[in-house]
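Chemist: Shown below is the structure under consideration.
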Amino acid sequence: MVIAGFTATALYLPNAYSDFSSNGKYLIDGSGYVSGNKTIFDSNIALQITTGTMSGSNMQATLDNGLVTISGAHYLNSGIWQISILRDSKYFVIQGDAQDESGNTIHLNLFGRIVDTNQDGSVFSISGKITGSETLKVSYSAKIISANTVTTKPTTTPTTTTQQPSSSTKVSISIVSGASDINNQVHYSPSNIQVAPGTTVVWTNNDSVPHRIMSGVAKALVTDQSTAVFTSDGKIDSGSIAPGQSFQYTITSFDTSQFLDPKIAARYNIPQNQTAGDITFFDPTYQFMVGIIAPLSQPTQAKTVQMNIISGASNPNNGQFLAPSSLQITPGTTVVWTNNDSVPHRIMSGQLLSTTDSTGGKSSTGKPVSPHFISDNNIDSGDIAPGQHYQFTFTNTGTTQFFDPTYTWVNGIIISSSATTGQITPITISINAGSSLQKGSATQQTYNQYNTYYTPDTIQIVPGTPIIWVNNDSIEHTIFSGTSTQQYATSPFKPDGKIASGKIAPGQTFTVVVNDTGIVRFYDPQYTWMNGLIISMPPTQSYTIGASSHNPGLH
C-alpha cells in the first residue's frame, strides 16, 4: 500500500514533534486518503490522546477528543475507544467509533508504525480500515504533536503610558520547523512585529537546518512575484544559526527617511504609507523567508472607551456584571472602568487559574464555584468607590484578563491589536436566537449532530487565537469546555476546567484565548445539546476545515 506523503508543518515551539511517553497528552495529526472498491477520498484525522503508565515496552492511552474527516464529511468520536502503544512507541493500535452530523456511525481500526525519526521527532504511517456503509482502506501519514491545555494567560504584558521601553525589552521570533520549505505557509512566527527603539529581538532556530538572519533591501521580485531578491544593508547579520540556537539584535533606532519597497509592502499586505523606517530581514539561503520589524507607532489621537461595573455586580446571581465584558482596542487606547454598583470594586490584571470542578461548576452545597485568579501586578486600581472611575492606557499589543479580587465573577478581557503587528484576528461565535429550545430528534440532540445553536459551531484556529462568544439569544447562556462521558441521556459532558464563562447575559460577550495545541469541545451545561468544537493546530497546508459558509458543523 502506498504511504501518502505529508506536508511539513510550521510549529511555534522547539521539540513540538514528540515520541509518546508516559502520562502525556498528544495530538495525532494524520492526512492521506481512504479507498473503497470504486472510490478514493481525501481524509484527515485529528486525535487528542492521554497516555498512561508504561508496562514493559507497552502502554495504554485514552482518547480525549477526536475528529475524522472523509471527503469533507466530519465525524466526532463516540463510544469507548481502545488505544495501545506498543514496543517502545514504535507502533500503535487504535479502535473506536465516530458519528457524522446525520448520526451515521463509522468504525475505525487503525495500525500505526514509525517510518522516520530525527532530531525533530517521529513520523508514523497509518494503515487499516474504516467501516461504515462500505469498508474503506486507510493510508495516512501522521505527525505526533505534544498537546498542552487551553489557557487565558496574557500573551503580552501591558504597560502604562508613563513607562518607557527599556533596553531590557525583548521580543522573540521563532524560525519555525519546516521553514526551509518554500511551500510552508509560515516561516517566522511572528513574521511582522512592531517595537520601540531599545528592544532586543531574539530569533530562535526551531528548524532542522541552519539559518541566517540578515537585514537588507529588495531589489526585485522573481517572475511569479512570490519571492523577493535581497541585498544586505550590513546592519544585521547573524551568521549561521544552528538548529536549537538563537541570535539577538537590539534595535537602537529606525531610519524614518527610508520606506519599505512598494512591491514588498504589497506582497505582505502592508499599506505603503505605514512603512516608514521598516527593517526587512531575510535568510540569504532561503530568500522566500522574509520578515519585517516596524517602529512602534504612537497614536495620533487619544482614544477612550468605557467599561461599566453595573448595578448589582457584587451579587453572583445577577447574571450581568460588566457592560461590555470584553473589548478589542488598538494601542494607545485608554479604558475607563466606572463603578455603577453600590459597593466598592477593584480592578486587577492576572491569570485565570481555575474555574470549575467536576460537578459542573457548583460546589457540594449547590452554590456556583467562583473563578480563581492570580494577579500579575500590572493593573491594580485599588478600591473604586461607587460613582467613581479608574482608567488605564494600553500602549502595547496583547491580551489582558482582569478581575475583581473580592467578587471574582466580575471579570473580563481586553485584546489590544494593531493591523500592522501581525496579531491574530479574533474569531466570533454567535450564540443564536432560540438556542435554548431543542431541535430535532433525541438522537440529533444528544449525539453532537448538526443544529443552528452556534454560528460557526466548528472552527479550526492557530494557537494564540482569541475566541469571542456573543449571546444573541434572549436568555442567559454559559460556555464550558469538557470531554464526552458517553452518558448522552443524562450528562453528555464532563467539564475539564479549561473554559468556564459564568453567565453570559443577552447581548454580552465572553472571550478566551487558546494558546496551545489540541481539540476542545465547548457546550452549555444547562442546554447540553448546544455544543461545538475547536481544533487548535499550528499552521499547515495539509489540514484545513472549510469556512463556516461551507461547513454546517458537527452537532
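Chemist: Straight-line reach from residue 38: which aspartates and glutamates fall under 12 Å, measuring Cα to Cα and dropping same-chain residues less than 8 apart?
Modeler: Those aspartates and glutamates meeting the cut-off are 134.
Chemist: Spin-label point model (7 Å from Cα, Cβ direction): what's the residue 252 to residue 182 distance in nm?
Modeler: 3.7 nm
Chemist: How high is the FRET efficiency between residue 342 and residue 55 when r is their beta carbon distance and R₀ equals 60 Å, given to the nearest 0.05?
Modeler: FRET efficiency, residue 342 to residue 55: 0.50.
Chemist: Greater than 24 Å separation of Cα atoms is the criterion. Which listed pairs, 129/494; 170/235; 25/143, meet it?
Modeler: Table pairs above 24 Å Cα-Cα are 129/494.
Chemist: Within the range 40-60, name every residue whose backbone N is under 19 Å away from a label modeled 7 Å from Cα of residue 134 along the Cβ vector.
Modeler: Inside the label zone: 40-44.
Chemist: Would you kindly state how much longer the chain becomes between residue 62 and residue 80 on full extension, computed as 0.36 nm times their sequence separation minus their alpha carbon distance, in nm to one decimal?
Modeler: Full extension from residue 62 to residue 80 adds 5.6 nm.
Chemist: For 414, 535, which order do you get if you count the other beta carbons within 10 Å of each Cβ and list the fewest first?
Modeler: 535, 414
Chemist: Sticking with this one: To the nearest 0.05, how large is the calculated FRET efficiency for residue 127 and residue 231 if R₀ is 56 Å and r is the Cβ-Cβ distance?
Modeler: Efficiency, from the Cβ-Cβ distance: 0.65.
Chemist: If packing is taken as the mean number of other Cβ atoms within 10 Å per residue, what is the order of 382-395, 68-81, highest first?
Modeler: Highest-to-lowest ranking by the protection proxy: 68-81, 382-395.
Chemist: Okay, next question. Expected output is a single nm value to one decimal: the length gained when fully extending between residue 87 and residue 21, i.e. 0.36 nm times separation in residues minus the C-alpha distance. What is it?
Modeler: Answer, rounded to one decimal: 22.6 nm.
Chemist: Simple spin-label model, 7 Å along Cα-to-Cβ: residue 303 to residue 455 in nm?
Modeler: For residue 303 paired with residue 455, the spin-label model returns 2.7 nm.
Chemist: Please give the contour-minus-distance gain from residue 35 to residue 109: 0.36 nm per residue of separation, less the Cα-Cα distance, rounded to one decimal in nm.
Modeler: Between residue 35 and residue 109, full extension yields an extra 25.2 nm.
Chemist: For residue 428 and residue 372, FRET efficiency with R0 = 22 Å and r from the beta-carbon atoms, rounded to 0.05?
Modeler: 0.20
Every read-out reported here was derived from the displayed coordinates using simple, explicitly stated rules and does not represent laboratory data. As the structure is a prediction and not an experimental result, all values here were calculated from the model. Cβ coordinates were reconstructed from backbone atoms using ideal geometry, including for glycine residues, and neighbour counts include every protein chain displayed.
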